[in-house]
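Data first, discussion second: the structure below is written as structure tokens.
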């Protein structure tokens, strides 16, 4: 399995009672695919995996897989605070039809050793019936997966790629040098601000949270960068950066869901304890969308 292109981290539509809004899942899936997404990543950070009820998280995988219906790969996040919990997520996701699982380092304790992190990921791999994508996100796990360990795992059967959300350009550049020549292991940029230059430099794609709101713009950025058009890439990166101003206050999920409500795609409910967008946040979302002609 090799993933290349635009891979939005799909928001999870919720009802007021925090249950999964299955009908809206279908609308979000169609919106992302119709907008040019090359794959869909569910149960990631924008998907609020950390805040979903167990039932909502478990229902999300088969609901998404059914609606995608083979049009693009489905990547399912299996992030958990312990190895055993992660392995249970893996068995469920791979059994429910996900094409790959996306595994974080275990979070909460900030002092797991390199060997403990590697062992965690190896045990996740062993529990999975589908390929594993490594997910580096030290902002939330407070743990870094060392480059040497990424490359060590890349030599193991079952690991097929890395999503790097470190925001460390020097690190990402080094990873690009090591991974770009390979045809058996892909690299995705998780820091949207670096999307264009990452693909220009040889990364396989990127994972933009704002892709939930404007997948066509995000797809255009990928296409420009993949073709080597630096001028178009710079312009489209600026457009994508402008769109990300909808969460100027740093609350991306409530802001994105409110924007999607305005677009008629899903409701605004975020997992608790996240509160609904304020009137000031609503005004900011409407201002940004209006400036860019949406809707």
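Rule-based calculations on the coordinates, nothing more; no lab input. No experiment lies behind these values; they were computed from the predicted model shown. When we count neighbours, we look across all protein chains shown, and the Cβ atoms used for this are built from the backbone with ideal geometry, even at glycine.
Below, the figures for the structure above:
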{"item": "Residues in the range 120-146 reached by a label modelled at residue 1 [backbone nitrogen below 18 Å; 7 Å Cα→Cβ]", "result": "121-136"}
{"item": "Least to most buried among 30, 164 (fewest other Cβ within 10 Å first)", "result": "30, 164"}
{"item": "Sequence-separation-based contact order of the chain, relative, with Cα cut under 8 Å and 6+ spacing, percent", "result": "19 percent"}
{"item": "Relative contact order of the range 80-222, defined on C-alpha pairs under 8 angstrom at six or more residues apart (%)", "result": "17 percent"}
{"item": "Among 35, 79, 51: highest mean-square fluctuation, GNM of the chain, C-alpha pairs under 10 Å", "result": "51"}
{"item": "Selected from 135, 112, 206 as most flexible by GNM, with the chain as the system and alpha-carbon contacts under 10 Å", "result": "112"}
{"item": "Among 165-177, 185-197, 90-102, the order from most to least packed when residues are scored by Cβ within 10 Å on average", "result": "185-197, 90-102, 165-177"}
{"item": "Value at 222 nm in deg cm²/dmol, rounded to 500, when DSSP H runs of n ≥ 4 in the chain each add -39,500 (n - 2.57)", "result": "-14000 deg cm²/dmol"}
{"item": "Gap separating the Cα centres of the range 222-271 and the range 2-51, nearest whole Å", "result": "14 Å"}
{"item": "Choice from 224, 280, 255 showing the highest fluctuation, given a GNM over the chain with Cα pairs closer than 10 Å", "result": "280"}
{"item": "Mean separation of Cα contacts under 8 Å, 6 or more apart, over the residue count of the range 145-218: relative contact order %", "result": "25 percent"}
{"item": "Beta bridges per DSSP with both ends in the chain, % antiparallel, nearest 5", "result": "5 percent"}
